[in-house]
1. Counting just the residues of the stretch 190-203 that are in contact (Cβ under 8 Å) with a residue 40 or more places away in the chain and away from the ligand (no atom under 16 Å from the Cβ), which one comes out farthest from the chain's Cα centre (by Cα)?
2. Looking only at the stretch 13-42, count every residue that is outside any helix (DSSP H, G or I), of a type in the set (Val, Ile, Thr) and under 24 Å from the mean Cα position of the chain (by Cα) and tell me the total.
3. For residues in the stretch 8-19 being open to solvent by less than 10 Å² (accessible area, probe 1.4 Å) and touching a strand residue (DSSP E or B) at 6+ places or on another chain (Cβ under 6 Å), which is nearest to the ligand (Cβ to nearest atom)?
4. From Asp140, Asp129, Asp172, which residue is in contact with an Asp or Glu (Cβ under 9 Å, 6 or more places away or on another chain), more than 12 Å from the ligand (Cβ to nearest atom) and either closer than 22 Å to Asn227 by Cβ or assigned to a helix (DSSP H, G or I) (or both)?
5. How many of the residues in the stretch 59-84 are closer than 10 Å to Leu7 by Cβ and open to solvent by less than 10 Å² (accessible area, probe 1.4 Å)?
6. When Asp151 is evaluated against the numbered criteria (1) open to solvent by 60 Å² or more (accessible area, probe 1.4 Å); (2) outside the structural domain of Ala180 (by TED's automatic domain parsing); (3) not basic (Lys, Arg), which criterion, by number, is the only one it fails?
7. Take Ser105 and decide whether it is among the polar types (S, T, N, Q), within 14 Å of Thr261 (Cα to Cα), within 12 Å of the ligand (Cβ to nearest atom) and buried (at least 24 other Cβ atoms within 10 Å of the Cβ).
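The values are calculated or read from the model by the stated rules, or taken from the named source; none is laboratory data. All values derive from a computational prediction rather than experimental measurement. Because the Cβ atoms are built from the backbone with ideal geometry, glycine has one as well, and the counts that use them run over all protein chains shown. Quick note on the areas: whole protein, heavy atoms, side chains included, nothing else; ligands and nucleic acids left out. Shrake-Rupley method; radii C 1.70, N 1.55, O 1.52, S 1.80 Å.
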Amino acid sequence: MKHIAVLTSGGDAPGMNAAIRAVTRSALDQGMTVSGVLQGWQGLVDGQFRQLSARDVGGIIQVGGTFLGSARSSDFRTEAGRSKALRHLSQRGIDGMVVIGGNGSQTGSYMFSQMGVHVVGIASTIDNDLLGTDISIGCDTAINVTLEAIDHLRTTGSSHNRAFLVETMGRDCGYLATMAGLAGGAEVISTPEFEVPASDIALRLHAAYERGKTHAIVVIAEGVKENTTKILAYFEADKQRTGFELRATTLGHVVRGAPPTAFDRILATRLGVGAIQSLTDGETGILVGWQKNQVTRTPLADITGRIKPVDTELLDLARILAK
Ligand code: F6P
């Protein structure tokens with residue numbers, strides 16, 4: 001393999017820069033030329049490339065986001081778009097690709113590998129919904145940002161005898177909400193895998209109040225059907241229902257933009273190096289992930305279009321420990 005391209009796609013995740021750095025420097029070390037593709041799959045369709053040297057990826061390991069840019073591309077979902085992207089690769093003599101991204105991005109990797117391109121994916125999404133990895137790049141940082149917000153809200157909640165609804169990201173997966181809720185001692189965690197109806201939230205908050213708590217935290221994953229707005233409307237009908245005054249905070253994209261934790265930087269570094277190793281071993285159509293403390297390779301054919309289930313036992317644990 002002589003010339004590889006690297007791109008970041010979908011929602012950015014803290015640690016993507018560290019992964020680009022690891023991919024670039026380990027590929028250069030193997031004597032390859034490295035081209036960065038700007039703006040994800042869309043940039044590949046449009047032919048936006050930038051050659052990367054070791055210096056180009058210096059000073060970025062500690063920075064969140066992705067310096068290559070990212071996008072959600074509708075053009076790449078079409079056959080015409082993918083053929084255009086393929087032409088750009090062959091015109092430049094690029095014979096391998098590394099795609100850093102989440103579920104949607106890796107579906108793109110799979111489709112592209114089916115067209116004969118040597119593609120290796122790296123698991124990177126704050127949602128941690130990809131099969132083929134225990135944890136994806138960016139998730140640890142997002143948990144920590146959510147946790148910091150929970151800690152702050154609990155402090156002000158205690159001063160005012162308030163309960164807080166805290167909504168965090170995660171699309172259709174409740175991993176981020178579950179882990180942040182567990183670490184933050186939340187009274188209730190509601191996720192798409194295990195939704196807690198507003199009536200049950202009311203009962204659990206009331207019980208917490210009766211037990212003498214001065215604050216209460218309800219973590220809501222963004223993918224639930226009975227979302228923050230609906231829960232607030234339910235409580236609006238009877239403001240005294242729980243004993244606590246109720247407030248809501250939606251964290252949104254703030255959980256995605258922080259500097260990566262040490263865990264995410266190290267994970268990104270390991271997976272980046274693992275991706276180049278996979279390409280030199282002749283692998284294609286695989287996801288490089290982290291399972292049981294090791295870099296692993298999983299065929300994209302086995303995992304695309306599926307969502308990793310969250311361990312709902314953790315929710316039971318959270319409920320017991322919030323007593
Ligand atoms: O997939 C990452 C993620 O941050 C999800 O948690 C969220 O649902 C989505 O992306 C938001 O997408 P956008 O940045 O396009 O608004």
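1. Only one residue fits best here, namely Ala202.
2. Filtering the stretch 13-42 for residues outside any helix (DSSP H, G or I) gives 13-15, 30-39.
The next check asks that each one be of a type in the set (Val, Ile, Thr); those that pass are 33-34, 37.
Filter again for under 24 Å from the mean Cα position of the chain (by Cα), leaving 37.
Total meeting the criteria: 1.
3. Step one: of the stretch 8-19, the residues open to solvent by less than 10 Å² (accessible area, probe 1.4 Å) are 8-9, 13-19.
Next, only the ones that are touching a strand residue (DSSP E or B) at 6+ places or on another chain (Cβ under 6 Å) stay: 8-9, 13, 15-16, 19.
Details: Thr8: 12, Ser9: 11, Ala13: 7, Gly15: 13, Met16: 12, Ala19: 16 Å.
Filtering the stretch 8-19 for residues that are open to solvent by less than 10 Å² (accessible area, probe 1.4 Å) and touching a strand residue (DSSP E or B) at 6+ places or on another chain (Cβ under 6 Å), the one nearest to the ligand (Cβ to nearest atom) comes out as Ala13.
4. Details: Asp129 fails: more than 12 Å from the ligand (Cβ to nearest atom); Asp172 fails: more than 12 Å from the ligand (Cβ to nearest atom).
Being in contact with an Asp or Glu (Cβ under 9 Å, 6 or more places away or on another chain), more than 12 Å from the ligand (Cβ to nearest atom) and either closer than 22 Å to Asn227 by Cβ or assigned to a helix (DSSP H, G or I) (or both) holds for just one of Asp140, Asp129, Asp172, which is Asp140.
5. Count: 1.
6. Of the numbered conditions (1) open to solvent by 60 Å² or more (accessible area, probe 1.4 Å); (2) outside the structural domain of Ala180 (by TED's automatic domain parsing); (3) not basic (Lys, Arg), the odd one out for Asp151 is (2).
7. Working: among the polar types (S, T, N, Q): yes; within 14 Å of Thr261 (Cα to Cα): no; within 12 Å of the ligand (Cβ to nearest atom): yes; buried (at least 24 other Cβ atoms within 10 Å of the Cβ): yes.
Considered against the rule, which asks whether it is among the polar types (S, T, N, Q), within 14 Å of Thr261 (Cα to Cα), within 12 Å of the ligand (Cβ to nearest atom) and buried (at least 24 other Cβ atoms within 10 Å of the Cβ), Ser105 comes out as no.
Let's see how each residue does on (1) among the hydroxyl-bearing types (Ser, Thr, Tyr); (2) in contact with a strand residue (DSSP E or B) (Cβ under 9 Å, 6 or more places away or on another chain); (3) assigned by TED's automatic domain parsing to the domain that holds Gly116:
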site: Thr24; (1), (2), (3): yes, yes, yes
site: Ala27; (1), (2), (3): no, yes, yes
site: Gln39; (1), (2), (3): no, yes, yes
site: Asp46; (1), (2), (3): no, no, yes
site: Phe49; (1), (2), (3): no, yes, yes
site: Ser74; (1), (2), (3): yes, no, yes
